[in-house]
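Trainee: One structure, pasted below without further comment.
The values are calculated or read from the model by the stated rules, or taken from the named source; none is laboratory data. Being a predicted model, the structure only gives us computed values, none of them experimental. Please note: Cβ atoms are built from the backbone with ideal geometry, for glycine as well, and neighbour counts cover all protein chains shown.
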Amino acid sequence: MKTQNSIIKKVIIAGCVIFTLVLGGSIVVGGLISDKILHQNKGKDTSENSIKQLEKWGYDLDAFNNKYEGTEIKATAEDGNVVPATFFDGESEKCAVLIHGAGGDRVSIYPLAEQYIERGYDVIAFDQRGCGTNADDQVTFGIHEALDVEAMVSYAREELHEDEVIVHGQSMGAQTAVIYAANVKTNSSAAADAVIADSPVPGMELILREMFADSDDEEKKNSLLNDFLIGTSKTFMKIFNKVDYDDADTIAVAKDIELPTMIIVSDKDETCLPKYVEMVYDNMTCEKRSIAHFDSSHIEGVIDDPEGYMDSVETFLASVEK
């Protein structure tokens with residue numbers, strides 16, 4: 001009997017040791033992945049990245065800067081984050097708040113800004129968190145960034161006295177726009193008159209599964225290894241960073257949108273696949289919604305066909321005018 005009890009005791013101790021090692025290892029892995037996700041731009045020059053992207057598109061940034069003079073402005077978000085932005089004053093009573101994508105800063109969205117300015121809009125372009133001169137170094141796939149959008153829309157209404165304010169984002173900026181639209185109080189000064197999301201990142205977990213698998217293959221995205229990486233980082237981030245992957249599920253939160261919203265699909269998109277972008281639209285239940293397709297690569301509709309792109313945008317905006 002003593003021998004049997006001794007064996008049971010050793011098995012229990014071994015099980016506890018293994019459990020502790022697995023748990024500890026999972027916490028370490030979860031912490032490392034979470035840090036890489038939240039601080040994905042650490043050590044990167046997001047401003048230089050924007051310039052390189054514009055050069056790749058063949059966009060003349062010098063010509064833009066010579067033609068349009070911007071003013072530096074700031075707004076404070078609900079959580080205290082100070083949001084840096086550039087305001088282009090077209091002496092208009094309508095304003096477009098523009099949100100850039102991942103890896104760059106506000107300059108990367110200047111091709112879109114130019115189109116709005118030329119069509120008689122004032123424009124606000126701001127740096128998302130973790131980018132440019134935004135003091136918050138965490139990238140949360142639109143969760144915290146949506147608060148910055150609210151701050152800028154309120155600033156446009158209360159400080160600039162704009163009668164009409166729209167929000168237009170690209171890529172991760174479009175994801176931010178969707179999350180903003182799903183959460184903003186529609187009767188507040190922070191609520192835009194309309195929202196436009198060009199090629200939104202379809203969700204935090206979905207895009208990370210693709211990154212971890214380095215493939216769009218469904219089997220690879222849902223492998224045991226991927227499940228482990230997602231599970232550990234999701235749990236760690238929720239407990240220690242107070243960031244929940246589910247809050248950045250663009251497809252899921254789209255059902256909560258009440259503001260008039262337009263989704264733009266880039267049909268040659270290999271970054272945010274058209275099938276997922278269409279799912280964002282399909283899940284929307286807002287009364288006024290629209291979808292447009294452009295035969296372009298990721299967010300390049302405004303580069304390839306600026307006139308057609310903006311005609312489509314203005315057609316939508318005209319349809320939702322109060």
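Trainee: Residues that are within 18 Å of the chain's Cα centre (by Cα) and within 23 Å of Y180 (Cα to Cα), at least 2 per element: which helices (runs of 4 or more DSSP H) completely within region 215-259 meet that?
Mentor: 250-253
Trainee: For region 119-133, name all the residues that are in contact (Cβ under 8 Å) with a residue 40 or more places away in the chain and out of contact with any strand residue (DSSP E or B) (no Cβ under 6 Å at 6 or more places or on another chain).
Mentor: Correct list: R119, Q128, R129, G130, C131, G132.
Trainee: For region 183-204, which residues satisfy the criterion of being over 17 Å from M152 (Cβ atoms) and within 13 Å of the chain's Cα centre (by Cα)?
Mentor: Once the filter is applied, which keeps residues that are over 17 Å from M152 (Cβ atoms) and within 13 Å of the chain's Cα centre (by Cα), region 183-204 yields D198, S199, P200, V201, P202, G203, M204.
Trainee: Another question, if that's okay. Name every residue in region 290-322 that is in contact with a strand residue (DSSP E or B) (Cβ under 6 Å, 6 or more places away or on another chain), over 16 Å from V167 (Cα atoms) and assigned to a helix (DSSP H, G or I), in order of residue number.
Mentor: Of everything in region 290-322, just one residue is in contact with a strand residue (DSSP E or B) (Cβ under 6 Å, 6 or more places away or on another chain), over 16 Å from V167 (Cα atoms) and assigned to a helix (DSSP H, G or I), namely G301.
Trainee: If we only count helices (runs of 4 or more DSSP H) wholly inside region 103-207, which ones have 1 or more residues that are in contact with a Leu (Cβ under 8 Å, 6 or more places away or on another chain)?
Mentor: 110-118, 172-183
Trainee: Please specify each residue of region 206-224 satisfying the condition of being modelled with pLDDT of 80 or more and surrounded by fewer than 12 Cβ atoms within 10 Å (Cβ to Cβ).
Mentor: Across region 206-224, the qualifying residue is only L224.
Trainee: Still on this structure, I have one more. Pick out the one residue from A318, A292 that is closer than 25 Å to E114 by Cα, modelled with pLDDT of 95 or more and in contact with a helix residue (DSSP H, G or I) (Cβ under 7 Å, 6 or more places away or on another chain).
Mentor: When all the criteria are applied, what remains is A292.
Trainee: So, one more: Across region 279-302, which residue is farthest from the chain's Cα centre (by Cα) among those that are more than 11 Å from I263 (Cβ to Cβ), buried (at least 17 other Cβ atoms within 10 Å of the Cβ) and of a type in the set (V, I, T)?
Mentor: Taking the candidates together, the pick is V302.
Trainee: Being closer than 14 Å to D35 by Cα and β-branched (V, I, T) is the filter here; which residues of region 224-276 pass it?
Mentor: I230, T232, T235, I239, V243
Trainee: Here's another thing I want to ask about it. State which residue is farthest from the chain's Cα centre (by Cα) when the search covers only region 48-101 and only residues that are outside any strand (DSSP E or B), of a type in the set (S, T, Y) and surrounded by fewer than 18 Cβ atoms within 10 Å (Cβ to Cβ).
Mentor: Y68
Trainee: Okay, moving on. Could you please give the count of residues in region 144-155 that are touching a Ser or Thr at 6+ places or on another chain (Cβ under 9 Å) and either under 24 Å from C272 (Cβ atoms) or among the hydrophobic types (A, V, I, L, M, F, W, C) (or both)?
Mentor: The qualifying residues number 7.
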